[in-house]
Amino acid sequence: MPASREQLVQLTHDPVAFLDAEDVSLRRMAVTALDPTQAQANVTALERLARGADVTVRTATAEKLGQCDERSLRILEHLASDAEPTVREAVATAYSELGDPQTVPWLISAAAGDSDRHVREAAVAALGSIGDTRGIDPLLEIMKSGPPQVRRRAIAAITVFDDPRIEGAIRRAALDRNPGVREAAEMLVGKQITDSR
């Protein structure tokens with residue numbers, strides 16, 4: 001049964017009260033509606049929801065944990081092996097927001113070999129966002145051999161690093177067989193040429 005208008009109004013004012021709602025959609029909306037302070041104060045409830053059966057609630061929970069402190073890392077580690085790609089993608093996004101260097105090994109592994117392209121893209125973006133130098137070699141490799149959408153994302157992610165190999169890799173990507181990858185690289189090559197004038 002869909003949530004009533006009254007429930008939705010109440011949820012807007014007090015999402016915490018709906019974290020244990022019987023209705024799955026109310027639980028998911030409650031997680032999404034938490035502000036960072038509420039999320040931080042309810043990490044225990046988020047951990048419980050992270051172990052629940054509904055994939056949409058687990059995904060929303062993973063995303064929200066990116067707004068919490070280091071206590072969320074243990075919960076996200078559990079979600080990082082979730083069978084559902086949307087949950088793993090949300091974990092990568094949360095890791096990006098947290099910016100904790102201890103997440104880099106998982107992100108490298110997911111970027112290089114997750115079975116889902118969206119998870120790989122999110123992990124690549126997170127590596128760029130965190131900016132840990134351990135991400136440079138994997139990103140360079142992905143630029144050569146990853147799926148087109150992941151190669152394109154890697155081009156953007158690698159620009160945060162300072163490494164002499166990056167300019168050459170971007171120039172090679174400007175000759176990529178995929179037009180989307182070429183376009184992303186050409187934009188950077190053009191910007192570099194303009195910036196150097």
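Some points to look at:
- Residue check for Arg120: farther than 24 Å from Ser72 by Cα and not assigned by TED's automatic domain parsing to the domain that holds Gln40: no
- Criterion: exposed (fewer than 14 other Cβ atoms within 10 Å of the Cβ), outside the structural domain of Glu89 (by TED's automatic domain parsing) and part of a helix (DSSP H, G or I) - qualifying residue of Gly135, Gly128, Gly168: Gly168
- Within region 63-78, the residues that satisfy the criterion of being surrounded by fewer than 22 Cβ atoms within 10 Å (Cβ to Cβ) and not in a loop (DSSP other than H, G, I, E, B) are Glu63, Arg71, Leu73, Arg74, Glu77, His78.
- Where helices (runs of 4 or more DSSP H) fall wholly inside region 1-46, the ranges with 2 or more residues that are under 13 Å from Lys64 (Cα atoms) are 24-33, 36-41.
- First in region 71-99 and closer than 15 Å to Thr56 by Cβ, second anywhere and of a type in the set (Val, Ile, Thr) and surrounded by fewer than 19 Cβ atoms within 10 Å (Cβ to Cβ), Cβ under 6 Å, 6 or more apart: Glu84/Val55
- Top-ranked residue of region 79-99 - restricted to ones that are assigned to a loop (DSSP other than H, G, I, E, B) and surrounded by 17 or more Cβ atoms within 10 Å (Cβ to Cβ), ranked as farthest from the chain's Cα centre (by Cα): Asp82
- Residue check, Val150 β-branched (Val, Ile, Thr), outside any helix (DSSP H, G or I) and without any contact (Cβ under 8 Å) to a residue 40 or more places away in the chain: no
The values are calculated or read from the model by the stated rules, or taken from the named source; none is laboratory data. From a predicted model like this one, the values you see are computed outputs, not experimental measurements. Here the Cβ is made from the backbone with ideal geometry for all residues, glycine too, and neighbour counts use every protein chain on show.
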